[in-house]
Each structure stands twice: as structure tokens, then as C-alpha cells.
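Just below is one structure, and these are the notes that go with it.
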Amino acid sequence: MDFFLQLLINGLSIGFLYGLSAMGFVMIFKSSSVLNFAHGEILAFGAFLFLALATWAQLPIALAFVVTLAGAFVLGFVIERIFLRPLIGEPLIQVIMLTVGLASMFKGGMLLVWGGNLYTYPEFLPEGLGVNWGVIQVPPVYVAAVIIGSLFLLLFGLFFKFSSQGIYMRSVADNQPAALSLGVHVRRVFALSWAIAAVVAGISGIVLGIINGINVHELSSIGLKVFPVVILGGLDSISGAIIGGLIIGLLETFTGGYLSPSLRDIVPYITLVFILLIKPYGLFGLVEIERV
Amino acid sequence: MSEGKLLVINNISVVYSDVIQVLKGVSLTVEKGQIVSLLGSNGAGKTTTLKAVSGLLKPENGKVTEGSILFDGLPIHNHSPEMITRAGIIQVLEGRQPFKYLTIEENLRVGTATRWGKPYRQDLDMVYHYFPALTKRRKTLAGYCSGGEMQMLVIGRALMAHPRLLLLDEPSLGLAPLFVREIFQIIERINRENGTTIVLVEQNANMALQIATYGYVMENGKIVMEGRAEDLRENPDVKEFYLGMGAAGAAKSYKDVKAYKRRKRWL
Ligand SMILES: Nc1ncnc2c1ncn2[C@@H]1O[C@H](COP(=O)(O)OP(=O)(O)O)[C@@H](O)[C@H]1O
Ligand SMILES: [Mg+2]
């Protein structure tokens, strides 16, 4: 029973991070219909930037965190400006190939600087952050994952629901010609969605880096994990991404805990195939509102 | 003399995808404060004309290849929609296109995109004043509204941008007759009370010519007739082909159509 609860909590915290990172992926897809195959590399970049700032530059942790997020924001913005914008209106496959190319470029760049080694962050989470309720013990990093994840989820939720820029962004995802007709700066919205997506990827990268250590290959392969998550949740649903993330996180942890650690990376994909057989649009794909 | 002219379309040609020529030398003038109606059957090029003005040709791979469009004396043809909307021209697209997954009020807020950061409370009140029916529905997703409510919504959304020139593309299309009357009354009020200049594209020539001061008739990418609205209403061709009143009250025969075609060539 303790073991079950332990796995449940670990699974939910990891799943939350998957969901958060998938949310960034979904956001880019919703606003500009681009499938971003470089998502995992951006996530890894966030983790390494934080590492560099916290260890090489010796910045205070909080400052390193904020600067990393700012850096990710700028990176997302610049990627859209330089690489994606010239391809607006081009066939989907070209855009996908571009993001695949970007992925290898980033990966190569990070390997050049950090190599394939495994790094760890200095200990900075206070011991007191952990939960110790007798049978259940939650290490500080999982508590931090849930707190940071919820905080940013709430922040983005408020942004999209109430701020004007958030509403403009949703309008572009909803009906691009109508948004253009009202003067919404559609290209700015694309850039902003890349920037925000890079920020959430960066956050997930840092927290996953605390949990598993920081390694270029490990972290960028999480980009692949985004696919079962978003396909499960529906490519166009933000809340679906979070729930999809939780499901994949739980599946992984339980498979690893009860069956075998070597199966943990396969089971999500097997589940995915079965779910798609039953619900081709994912569990939370948007229900199209149609009326005459 | 020209300071009364808000929009001057000067002999423009429009080509889609570099090969499909749709407009062939269209000229049209809109005076400040007027409602100008642009009539014509399906495929005549009315929507294309509006999009040439609002800059929305670009995303459809269309282009003004000849002629010029002046807004308040400044050339705007082939400019981006971001620039043109900020200059004060807002087009309400054909076929009612709300943001389905946004609430009514969020839809209206998108209308503030051209003046982001400025207060908009008063403008919401103004829209609810013109369209009281939207007030109760402000928290409803637009996708769940009726056709009539959607039409009110898209016009209201455009008003949020404080347009100096409002381009309306077939606002009456597919609406119940009672509702059509109401929408036209409101369009007329917006023009009168806000002083908004309006270009009204319609197939419902009868209603359009009642509120317009001036009208143009388009066929096959050309203007084939123009005149003051009350003159157009009395014009036998307009009566026969756009107001659905045959000269002798008889159904249109093939011969009549031939006669019309002859006249059109002559024009
Ligand atoms: N994006 C486009 N590409 C090619 N042809 C188009 C496009 N849009 C409209 N057309 C053509 O232009 C002509 C005029 O269309 P339109 O301006 O929509 O007419 P109207 O609004 O008067 O019904 C039609 O023959 C239509 O097929
Ligand atoms: Mg049309």
C-alpha cells in the first residue's frame, strides 16, 4: 500500500511536468498549426541554461531561475522570427522538416558545449519542503514540481482567460481570418506562443533535471514523450495535455514499479495505440461546435 | 473638394494566385459619413473588392495589380491588414465568423486589438446598447449563439475597433426576414449616431438601397451601374434583376436575360 501511494505521488508529479511541457507543444500547434519536433531540445536547453547560470555563473538560484525563463522566452521568440516566419503559408511537411532540423542543430550545439555527460544541480531545495507522513514520503523535488507546475498553470490560465493579449492569442487559434480582419497581429501571436511554449518547456526541463539529472540525450528524448501525451489529450486541448501528461506519468511509474523498469518507456506508446483505436481524436479532442 | 472623400478606389485590377483575374478596372468612391451599397449577384467580385480595401487579399494570395486605393488621400493598396485596420478600416467578413470557443464578451474584446492597452469598458457598453440581446449572453460561447446573435456579435465586434470605415459583407445572408429588418435599422443607426462611414455589400438590394445614399452594381468583376440609391431603386434593370420585380410582373424569361446582357455590354 505504501509502495502504491509512493508510486502514485511520483507518477502524478512527473506526469504534471510532462503535461506542462506538452502544453507548450499544444499552444504552438493551436495558434500556428506547427508540430514542433524541437520541443525536447528546447526543454533540454532550459535545463542546461539553468545549470550554467547556477554553477558557472554562480548566480543565486532564484535569479538563475528567472534569467533562465527569460532566456527561454527570448529563444522561442527568436526561433519564430528567424526560422518559422519565412515559412508561413508553406506546406506542413516543410515546416515539420524545419523543426526536425532545428532539433538536431540545438542538440548538436548542446553536445558541443556539455558533451553527453550527466550533470546534477547543486542541492538547493530546502529539506523541509519534503513531506513525511509516516507511510508516505515525498522528496522535496516532487513537491517543488507540483508547486511550480500549479503556479505556472494558474498563471497561464489567468493570462489566457483575462488578459487582452491572451484573448487575442485564443482568437487566432479559433479563427485566423476573423482575427486578421480585426487587426490582431497574427505574426506577433505566433512569436508569443513560441516564446511561452519555450518558457514552459524550460520550466519542465529544470524540474526534470533536478529529478533525473541533466543529460542532453535524456532530456531531449522527453520531447518524444510529448507525442503520446498530446495525442492522448487531443492535439488541440490544453487541459487535455495536462491530463494526458498525468496519465502517461502514472503509467510509466506504475509500470516501472510493478512490472519492470525496462518496460516503462514502452508502455505509454502501447497505451497510446489502444486509445487511438477507440478514440481517434484523443481523449479530450475539441468537440467541434457546428450549427447552421 | 477631395477632403469629403474617405475612400477612393481607382481603376483597380485584382489577381489571385498570379493568374486568376477577378476584378477588371473597378472604380468606386465613398464620401465621409455615407452608406454606399455594392450590389451584384454571386461571384461578381464584391467580396474581392472589400478585401482589396481591407488588405485581406494577401492571405488568400490575391493582389491589386493595377490602379490604386486611397484612404483619406493616402495609398493603402497591398498594405498589410495590421496597418489598414489601424488606419481605421474594419471589414466584417461574409458568413458570420465568430470565435466559436470564446464567449460573446471575449469576442468583443478581440475588437480592441488595434488599440491594445486602451480602456474599452465604454465601448462594450456602446455595443450592448446597440445590441441589447447580447447583454444576457455575454458569458455564452459564441459557437452556441443563434445566427441572428452571431450577426449582431460580428458587427458589434467591429465597432469595438472604432472604425472610420466599416465594410459589411452580406450581413443579411441567411437571416430570417424580421431579423434582416432589425439588422438594417441598426446599421443605419450606427451610421447616423456614430458618423461611421459604411460600405454595404448585399444581395438583398431592396433593403440595402433603402438605407444607402449611393449604390454601385457589379457584374463579372466590373462596375456596370452606379447612382443615387433612390435612382437605382427606380431603375428598370435594377428592379428586374436585383429587386425581383419583372417589368410586367412576369417571370424572367431567357429573352429578358439576353436583353439585359446586351444592355450590360453597352454600359
Ligand atoms: N482566393 C481565391 N482564389 C481564386 N479565385 C477566387 C478567390 N476568391 C474568389 N475567387 C473568385 O473570384 C470571383 C469573385 O468572387 P467574390 O469576390 O467572392 O464574389 P462575390 O462576393 O461577389 O460573390 C469568383 O469567381 C470566385 O470564384
Ligand atoms: Mg461574397
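Coordinate-derived values only; no laboratory data. Please read these numbers as outputs of a predicted model, since none were measured by experiment. Neighbour counts are summed over all protein chains in view; Cβ atoms, including those assigned to glycine, are modelled from backbone coordinates with ideal geometry.
Within a Cβ distance under 12 Å of residue B:201, other residues only, what is the Lys/Arg minus Asp/Glu net charge? All intermediate terms of the calculation are to be shown ahead of the outcome.
Numbers: positive: B:46, B:51; negative: B:94, B:169, B:170, B:202.
So the surrounding residues net to -2.
Measure nothing but the geometry: give the 0 to 90° angle between the long axis through the Cα atoms of B:147-159 and the longest principal axis through the Cα atoms of chain B, rounded to 10°.
Tilt of helix B:147-159: around 80 degrees.
Between the helical axis of A:39-51 and the dominant principal axis of chain A, each derived from Cα atoms, what acute angle in degrees is found, rounded to the nearest 10?
50
Over chain A, what is the mean sequence separation of C-alpha contacts under 8 Å (at least six apart), divided by residue count, expressed as relative contact order in percent? Don't skip to the answer; put the middle values down first.
Working: 434 pairs, mean separation 109.7, N = 292.
Reported as a whole number, the value is 38 percent.
What FRET efficiency would be calculated for the residue pair residue A:136, residue A:276, taking the C-beta separation as r and a Förster radius of 35 Å, to the nearest 0.05?
0.50
Where the Cα atoms of chain B are projected onto their three principal axes, how long is each span, largest first, in whole Å?
56, 40, 37
Per 0.36 nm of contour for each residue apart, how much would the distance between residue A:104 and residue A:265 grow if the chain were fully extended, relative to their Cα-Cα spacing? Write down the numbers at each step before the final one.
Working: separation 161, 0.36 × 161 = 57.96 nm, distance 2.20 nm.
Working it through step by step, the gained length comes to 55.8 nm.
Select from A:193, A:262, A:221 the residue whose mean-square fluctuation is largest in a Gaussian network model of chain A (Cα-Cα springs shorter than 10 Å).
A:262
Determine one quarter of the surface area of the Cα convex hull of region B:101-159, which equals its mean projected area, and express it in nm² to one decimal. Before the final figure, lay out each step's value.
On the way: hull surface 14.5 nm².
Over every viewing direction, the Cα hull of region B:101-159 projects on average to 3.6 nm².
Classify region A:70-227 as rounded, prolate or oblate, taking a ≥ b ≥ c as the square roots of the eigenvalues of its Cα gyration tensor: rounded when a/c is under 1.5, otherwise prolate if a/b is larger than b/c and oblate if not.
Details: a/c = 2.86, a/b = 1.44, b/c = 1.99.
Taking the square roots of the gyration eigenvalues as a ≥ b ≥ c, region A:70-227 is oblate.
Going toward the positive end of the dipole of chain A, with +1 on Lys and Arg Cβ and -1 on Asp and Glu Cβ, which of A:134, A:167, A:224 do you reach last?
A:167
Given A:225/B:58; A:225/B:100; A:30/A:279, which pairs have Cα atoms separated by over 27 Å? Intermediate results must be reported in sequence, preceding the final value.
Values: A:225/B:58 38 Å; A:225/B:100 31 Å; A:30/A:279 20 Å.
Among A:225/B:58; A:225/B:100; A:30/A:279, the Cα-Cα distance tops 27 Å for A:225/B:58; A:225/B:100.
Report the chymotrypsin sites (Phe, Trp or Tyr not before Pro) located in region B:33-121 that are in a DSSP loop and have at most 15 other Cβ atoms inside 10 Å of their Cβ, or state none. Show your work: numbers first, answer last.
Values: sites: B:71, B:99, B:101, B:116, B:120; in loops: B:99, B:101, B:116, B:120.
Filter output for region B:33-121: B:116.
Enumerate the residues in region B:132-172 having an amide nitrogen under 17 Å from the point lying 7 Å beyond the Cα of residue B:115 toward its Cβ.
Residues passing the 17 Å test: B:156-167.
If one takes the longest principal axis of the Cα atoms in chain A, at what angle in degrees, from 0 to 90 and to the nearest 10, does the Cα axis of helix A:140-162 lie?
Value to nearest ten degrees: 20.
Starting from the Kirkwood radius over alpha-carbon pairs of the protein assembly as shown, derive D by Stokes-Einstein at 4 °C in a medium of 1.567 mPa s and give it in µm² s⁻¹.
Values: Rh = 26.6 Å.
Here the translational diffusion coefficient equals 49 µm²/s.
Pick out which of A:159, A:29, A:73 has the largest mean-square fluctuation in a Gaussian network model of chain A, springs linking Cα atoms closer than 10 Å.
A:159
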